[in-house]
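The block underneath contains the structure these notes are about, expressed in structure tokens.
The values are calculated or read from the model by the stated rules, or taken from the named source; none is laboratory data. Predicted model only: the values in this text are computed from it and were never measured. Here Cβ is always computed from backbone atoms with ideal geometry, including for glycine, and neighbour counts include all displayed protein chains.
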Ligand SMILES: [Zn+2]
């Protein structure tokens with residue numbers, strides 16, 4: 001990812017900031033500026049997710065590109081946040097056999113990747129057992 | 001009065017025992033553990049560094065008390081393992097707790113006392129009315145070269161303190177420092193591991209400065225060791241703080257709660273901040289706390305603190321994990337896993 005591209009999405013990645021439609025009460029992550037249900041009647045506001053939820057489904061990554069190679073095997077999951085919206089994110093675990101569908105998780109702040117020894121370090125949100 | 005508004009610590013989950021390290025180098029683990037008083041140390045996960053520890057500690061502090069991030073006017077992160085040589089840790093922390101952009105920020109370095117130097121800076125800004133709240137963090141993923149004595153203690157962890165004037169949970173009655181140019185421990189730019197002056201790190205360095213600042217503090221306050229319920233000293237191991245406490249006239253019961261080194265190791269800039277967090281986890285209104293940090297090079301910052309009623313009414317201590325909870329929540333690594341975690345294995349590039 002280029003430096004400007006990750007920088008633009010930084011706030012959302014650090015803090016799980018999405019949006020909420022105040023008209024119908026639906027939450028969106030990544031943020032949407034238009035509510036597909038309410039269209040023009042929708043009132044969209046920024047919303048910071050609590051960061052708690054559960055695993056809907058997950059897969060185990062056993063081979064990865066250079067940047068993530070040292071971290072294999074690792075788990076990437078679809079997580080349903082308590083507010084109702086779903087997102088895909090890495091789940092931290094010391095033993096991949098401990099992860100299961102329905103497991104409660106909470107967000108934490110971790111290093112996502114580093115561009116070699118001299119490039120930019122990307123930080124963001126991962127999930128860990130609650 | 002200026003004081004601590006809220007606090008939070010963070011300790012990574014992984015541990016390695018001194019015995020396991022000793023085995024690799026053909027050393028006697030029991031002898032080393034007993035000599036240092038350190039039996040195991042924390043190890044960061046592969047995706048943790050001093051910045052992620054600082055962010056998670058700051059978030060734990062804010063989980064305990066509803067502080068409007070927009071009222072945070074300054075952030076100082078003290079560490080000797082900032083992830084970048086040039087690019088501040090403190091602004092990423094600010095972004096991750098929603099305090100940007102109207103704030104000042106800087107990274108501090110003063111070996112193991114950069115975190116307490118941040119507390120002093122925030123106190124000055126709050127007392128002068130320049131800011132409402134300041135955040136001071138001490139956080140490190142300490143480095144020790146393989147087989148060096150430091151490898152048995154160099155650990156990871158940190159803690160954050162929000163400093164302000166309104167209803168502090170603990171008032172900081174006074175602070176003072178004792179600093180000189182002393183070459184006991186150093187790391188040159190671009191070097192992966194620090195070097196130290198061996199025996200030189202004790203008498204003319206740690207003991208002289210910690211005692212210097214501690215005596216200065218008690219002289220200024222007109223107090224004696226018996227006036228304090230708790231005392232926290234910098235803990236590069238468990239032996240130094242125990243000895244300096246005894247030299248100053250503090251009893252083992254006074255330092256026990258704040259002495260995390262036996263189960264945590266030396267978290268450098270995080271050491272005194274984590275020790276103070278451990279005391280605040282259990283402190284009652286009226287308790288008086290004595291704090292003295294130490295940073296090689298060398299200097300010590302002393303603090304005289306009184307816990308207020310607000311610790312029972314203004315914060316929810318259970319909203320973030322206590323130091324004791326984090327010390328007990330652990331996964332042991334063997335040396336090979338530890339070497340991978342710490343990036344000590346040379347990979348083909
Ligand atoms: Zn809607």
- [ ] Can you tell me which residue within the stretch A:31-47, out of those that are loosely packed, with under 15 Cβ neighbours inside 10 Å and part of a loop (DSSP other than H, G, I, E, B), is nearest to the other protein chains (Cβ to nearest Cβ)?
- [x] A:33
TODO: Looking at (1) over 24 Å from residue B:92 (Cα atoms); (2) within 16 Å of the ligand (Cβ to nearest atom); (3) modelled with pLDDT under 95, find the lone condition where residue A:24 falls short.
DONE: (3)
Open item on the list: Can you tell me which condition residue B:70 does not meet? The list is (1) more than 11 Å from chain A (Cβ to nearest Cβ); (2) buried (at least 18 other Cβ atoms within 10 Å of the Cβ), and all the others hold.
Closed with: (2)
TODO: Select, from B:229, B:148, the only residue that is assigned by TED's automatic domain parsing to the domain that holds residue B:53, at negative phi, surrounded by fewer than 24 Cβ atoms within 10 Å (Cβ to Cβ) and out of contact with any helix residue (DSSP H, G or I) (no Cβ under 6 Å at 6 or more places or on another chain).
DONE: B:148
TODO: Answer yes if at least one residue in the stretch B:82-96 is surrounded by fewer than 24 Cβ atoms within 10 Å (Cβ to Cβ), more than 10 Å from chain A (Cβ to nearest Cβ), more than 24 Å from residue B:301 (Cα to Cα) and without any contact (Cβ under 8 Å) to a residue 24 or more places away in the chain, and no otherwise.
DONE: yes
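Go through the stretch B:251-349 and tell me which helices (runs of 4 or more DSSP H), entirely inside it, have 3 or more residues that are under 30 Å from residue B:184 (Cα atoms).
On the way: elements: B:252-256, B:261-264, B:271-280, B:310-313, B:323-328, B:335-341.
Filter on the stretch B:251-349 gives B:252-256, B:261-264, B:271-280, B:335-341.
Let's see how each residue does on (1) crowded, with 19+ Cβ neighbours inside 10 Å; (2) within 14 Å of chain B (Cβ to nearest Cβ); (3) within 27 Å of residue B:14 (Cα to Cα):
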site: A:49; (1), (2), (3): yes, yes, no
site: A:60; (1), (2), (3): no, no, yes
site: A:78; (1), (2), (3): no, no, yes
site: A:90; (1), (2), (3): yes, yes, yes
